[in-house]
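Just so it is clear, none of the values below were taken in a lab; they were calculated from the coordinates. Since this is a predicted model, take the numbers as computed values, not measurements. Note that each Cβ is placed from the backbone with ideal geometry, even for glycine, and that neighbours are counted across all protein chains shown.
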Amino acid sequence: MRLLEIWLADNDLSYDLYKSFEKDENGFINSCFDMNREEYDEYVLKCYKNSLGQDLKPGYVPDSKYVVIDDEDNYVGIVNFRHYLNDALRNGAGHIGYIIRKEYRNKGYAKKALALALEKCKDANIHEVYLSCNLDNIASLKVQLANGAIIHHQDDKCNYTRIFI
């Protein structure tokens, strides 16, 4: 399994992947939910620029979006890696967001995708990785715990975890 930057992925396959997710699924906000194919192509270019810190909206940080590709070249999920945190992310979504296509869930893909994303954190010299998941998303919490997370705190909506690498 591997992570491939969205701007290097096949746009037809990655668009289909994004369209397989709800607008807000288990806390993963799908910013492509309402996009048509042409808008999606523009979105991919914007993702590339954002990864370089260019054309960021106020309050946003550079991030890299990846497609999770299995050993048979199936597009099975998405990972978003934020290069650093601002206060909103530090107290919210954290460094990494991920989602796996429904038909690939409960098969270890999220666990491996998060492990690969943690390698991106190491490469970026991040040693304390902030994550979160909805309280009712027990599967995501298990994925984080399996990758060495500890529950740092929780509120009425989310568990907030930390992984020290």
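Between ASP136 and TYR84, how high is the FRET efficiency from 1/(1 + (r/R0)^6) when r is the Cβ-Cβ distance and R₀ = 30 Å? Nearest 0.05.
0.55
Given LYS65/LYS122; LYS57/LYS102; LYS49/LYS102; LYS120/LYS157; LYS46/LYS107, which pairs have Cα atoms separated by over 25 Å?
LYS57/LYS102; LYS49/LYS102; LYS120/LYS157; LYS46/LYS107
Compute the distribution of all C-alpha to C-alpha distances in the stretch 35-86, in bins of 5 Å from 0, and list the percent of pairs in each, rounded to whole numbers.
In whole percents, the pair-distance histogram is 5, 18, 21, 23, 18, 10, 4, 1.
Once you keep just the Cα pairs under 8 angstrom separated by 6 or more residues, what percentage relative contact order results for the chain?
Working: 271 pairs, mean separation 31.0, N = 165.
Rounded, it is 19 percent for the chain.
Search the structure for amide H atoms under 5 Å from the amide H of HIS152, placed 1.01 Å from N in the peptide plane, and list their residues when 5 or more places away or on another chain.
Amide H to amide H, under 5 Å and 5 or more residues apart or across chains, HIS152 pairs with TYR160, THR161, ARG162.
For a quick size check, give me the Cα extents of the chain along its three principal axes, largest first, whole Å.
41, 36, 31
Extending each Cα 7 Å along its Cβ direction at MET35 and ARG2, get the distance between those two points in nm, one decimal.
Each label point lies 7 Å from its Cα, and together they span 2.3 nm.
Enumerate the residues in the stretch 73-112 having an amide nitrogen under 13 Å from the point lying 7 Å beyond the Cα of GLU128 toward its Cβ.
85, 90-91
Please list, in order along the stretch 150-165, the HN-Hα scalar couplings obtained from phi with the Karplus expression 6.51 cos²θ - 1.76 cosθ + 1.60 (θ = phi - 60°), rounded to whole Hz, x for Gly and Pro.
My calculation for the stretch 150-165 gives 10, 6, 7, 6, 8, 10, 6, 10, 9, 9, 10, 10, 9, 10, 9, 10 Hz in order.
When Lys and Arg each count +1 and Asp and Glu each count -1, what net charge do the other residues less than 10 Å away from TRP7, Cβ to Cβ, add up to?
+2
Starting from the amide H of GLU25, placed 1.01 Å from N in the peptide plane, find each other amide H under 5 Å away whose residue is 5 or more places distant or on another chain.
For GLU25, whose amide H was placed from the backbone, the distant partners under 5 Å are ASN30.
Report the charge-dipole magnitude of the chain in Debye, nearest 20, computed about the Cα centre from +1 at each Lys and Arg Cβ and -1 at each Asp and Glu Cβ.
600 debye
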